[in-house]
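The values are calculated or read from the model by the stated rules, or taken from the named source; none is laboratory data. Every value quoted in this text rests on a predicted model; they were computed, and no experiment measured them. Backbone-built Cβ (ideal geometry, glycine too); neighbour counts: all protein chains shown.
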Amino acid sequence: MMRLRRHLPLAIWAARDIQRRWGRATLLFACLAGIAFTTAAILLFSQALETTWGRLMQATPNLVIRRIDAGGWAPLPIDEALACAGTVPGVLDPTPRIWGVAAGPQGPVTVVASAAALPKDRLGGIKPPSPGRAVVGQGVSRSPPGSRLELNARDGLSVEVVDTFPAASGLVTHDLVWVTPDDARQLLGLAPSQASDLAVYLFREDSEQAIQADLVAAFPWPVHIANRNTSLQRYHARANRSGGLALLIGLPALLGLLLVITAATVDTMGRQAHWGLLLSMGWTTADLVRLQVSQAVMVGLPAVTLGLALAYTAVFCPPASGIIALWITGGPHIPTLILERSGAVLIMLQIAVLVGLPYLAAVFLATLRAADSSRRSLLQAAPWN
Amino acid sequence: MNHRPARPSHWQPAPCNGARYLLITLCGATLLALSAVTADQLLPARDAKGAARFWIQRLTLSAPALLSAGDPMRHHELAHPGVDTRFCAGLEGTP
């Protein structure tokens, strides 16, 4: 505490110096905050999205088997498919899926139905839909519950919206329409004994590649098997491409940091006369360096902290995170986007060091170099000389 | 004994109140931002009940809805199969 009180007069002197040149200080504050915000928002979002995506994908089926024919996709006979999949060792819980993409009022939607029996009471706080009714995601229709929803795929379907999925599940259910199996079959043109494809879970996840040959041999017709790992790798590839594009956005931020450092160095050279005066009045070089570093910390630390806090809020607070996701991914706007927050502190510390350390180093070294000159030469650098 | 020199009547200290307020404001804003981020990190996850994971399991979905419906990245099963069977008549009937 005594050491803090000893440095207080210097801190106040530095604050008065900032007050005298408040315009420059404000610009510097805004530039550092902007650089920290831009860099942190992109990196935090990429890391959070990858973590969230990876964790959610662990809950998806290991393999999805689709029947194909000369024209592409073909409906899957449920009983025969279950019997064939059940003969392959290592396959757990083959589940027929009834789903498809349909045209909704706000754009394409994913229509799903549970072929398996569901409890008649509420599921996750929501009552399963009955014939002619649907549970929709937050982005399907802005109409209130009780309104009609028109869907078009192979055939048209009109359902009554009875409920919406919880906002916390927006990342998964944003454009989902949950209907009964009969309604979904009518919409997608499936017969009562058919499904869109078969979802398969595996006893051992590392047998994902090896078991596909057995599954293909087990079915009497050609099938196409999509596995979870391939989907993850394709997402990583797309994320790398997006990251490369985001790097282009980050390049002006790095250039801005370079300009800030240059401005700090040039400003230092322009204050030589003032420092010469202070040195003549008994200040030491260490006092001058402490003064300049104090000024830099007073401007830089709150700026970087504010930029990082705004980036954290923009990425992890639901209303703003949807906007950031829309900006970076170009996908749909999900107002209730909730991402994993693990690892965010480490990234913010790295960015604080990346932005703050070069700036402080530039101020320190430039001041040390300039103040090391003789008092006479410093005073002669004055514009009135 | 009082060793402090007597202040002349016309003595006025340098106006440092603005600088003090600026210093307090900057320190306070920094601490506030750090506290907000730390508090948010210490709070339980917003989706603590795993609503997204619950529905992706119950409805046997293939991927989150971050991409538009119909996008191949969203529904990787829709990616066109690598083998074009249109020119292999009878292949659909083989085991």
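Here is a yes/no grid of residues against (1) in contact with a strand residue (DSSP E or B) (Cβ under 9 Å, 6 or more places away or on another chain); (2) surrounded by fewer than 16 Cβ atoms within 10 Å (Cβ to Cβ); (3) modelled with pLDDT of 85 or more; (4) part of a helix (DSSP H, G or I):
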| site | (1), (2), (3), (4) |
| --- | --- |
| B:ALA19 | no, no, yes, yes |
| B:GLY28 | no, yes, yes, yes |
| B:ALA33 | no, no, yes, yes |
| B:VAL37 | no, no, yes, yes |
| B:ASP40 | no, no, yes, yes |
| B:ALA45 | no, yes, no, no |
| B:ALA48 | no, yes, no, no |
| B:LEU67 | no, no, no, no |
| B:MET73 | no, no, no, no |
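Given A:GLN186, A:GLN138, which one is surrounded by fewer than 23 Cβ atoms within 10 Å (Cβ to Cβ) and either away from every other protein chain (no Cβ under 12 Å) or in a strand (DSSP E or B) (or both)? Just a single option satisfies the conditions, and that option is A:GLN186. Here A:GLN212 meets each of (1) farther than 30 Å from A:THR336 by Cβ; (2) in a strand (DSSP E or B) with one exception, condition (2). With respect to the conditions (1) surrounded by fewer than 17 Cβ atoms within 10 Å (Cβ to Cβ); (2) within 14 Å of chain B (Cβ to nearest Cβ); (3) within 21 Å of the chain's Cα centre (by Cα); (4) of a type outside the set (S, T, N, Q), A:LEU232 lacks only one, and its number is (1).
Tell me the residue from A:ARG16, A:ARG55 that is out of contact with any Leu (no Cβ under 9 Å at 6 or more places or on another chain), surrounded by fewer than 22 Cβ atoms within 10 Å (Cβ to Cβ) and charged (D, E, K, R), please.
A:ARG55
Each row is one residue, and each column tells you yes or no for (1) surrounded by 18 or more Cβ atoms within 10 Å (Cβ to Cβ); (2) modelled with pLDDT of 90 or more; (3) among the β-branched types (Val, Ile, Thr).
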{"position": "A:LEU308", "(1), (2), (3)": "yes, yes, no"}
{"position": "A:LEU326", "(1), (2), (3)": "no, no, no"}
{"position": "A:ILE334", "(1), (2), (3)": "yes, no, yes"}
{"position": "A:ALA344", "(1), (2), (3)": "yes, no, no"}
{"position": "A:VAL355", "(1), (2), (3)": "yes, no, yes"}
{"position": "A:ALA362", "(1), (2), (3)": "yes, no, no"}
{"position": "A:LEU365", "(1), (2), (3)": "no, no, no"}
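A:LEU176 satisfies every condition listed in (1) in contact with a Lys or Arg (Cβ under 7 Å, 6 or more places away or on another chain); (2) within 13 Å of chain B (Cβ to nearest Cβ) except (1). Just give me the residues in the stretch A:205-238 being closer than 22 Å to B:LEU59 by Cα and of a type outside the set (Val, Ile, Thr), in sequence order. The answer is A:GLU205, A:GLU208, A:HIS224, A:ALA226, A:ASN227, A:ARG228, A:ASN229, A:SER231, A:LEU232, A:TYR235. For the stretch A:57-104, the tally of residues that are basic (Lys, Arg) and within 30 Å of A:LEU339 (Cβ to Cβ) stands at 1.
Residues in the stretch A:125-135 that are closer than 19 Å to A:GLY107 by Cβ and part of a loop (DSSP other than H, G, I, E, B): none. Scanning the stretch A:205-219 for residues that are within 10 Å of chain B (Cβ to nearest Cβ) and loosely packed, with under 14 Cβ neighbours inside 10 Å turns up just one, A:ALA217. The single condition among (1) under 19 Å from B:ILE24 (Cβ atoms); (2) without any contact (Cβ under 8 Å) to a residue 60 or more places away in the chain that A:ALA25 does not meet is (2). Within the option set A:ILE78, A:ILE35, A:ILE65, being in contact with a Leu (Cβ under 6 Å, 6 or more places away or on another chain) and more than 13 Å from every other protein chain (Cβ to nearest Cβ) holds for one residue only, A:ILE35.
The requirement of being surrounded by fewer than 22 Cβ atoms within 10 Å (Cβ to Cβ), in contact with a helix residue (DSSP H, G or I) (Cβ under 7 Å, 6 or more places away or on another chain) and assigned to a helix (DSSP H, G or I) is fulfilled nowhere in the stretch A:61-81; no residue meets it.
Looking at A:PRO94, is it within 32 Å of the chain's Cα centre (by Cα), in a strand (DSSP E or B) and at pLDDT 85 or above? No; evaluated as a whole, the condition is false for this residue.
Of all residues being among the polar types (S, T, N, Q) and in a loop (DSSP other than H, G, I, E, B) in the stretch A:141-171, which is surrounded by the most Cβ atoms within 10 Å (Cβ to Cβ)? Just the residue, please. The extreme case among them is A:SER141.
In the stretch A:277-292, of all residues being in a helix (DSSP H, G or I) and hydroxyl-bearing (Ser, Thr, Tyr), the one that is farthest from A:PRO9 (Cα to Cα) corresponds to A:SER280.
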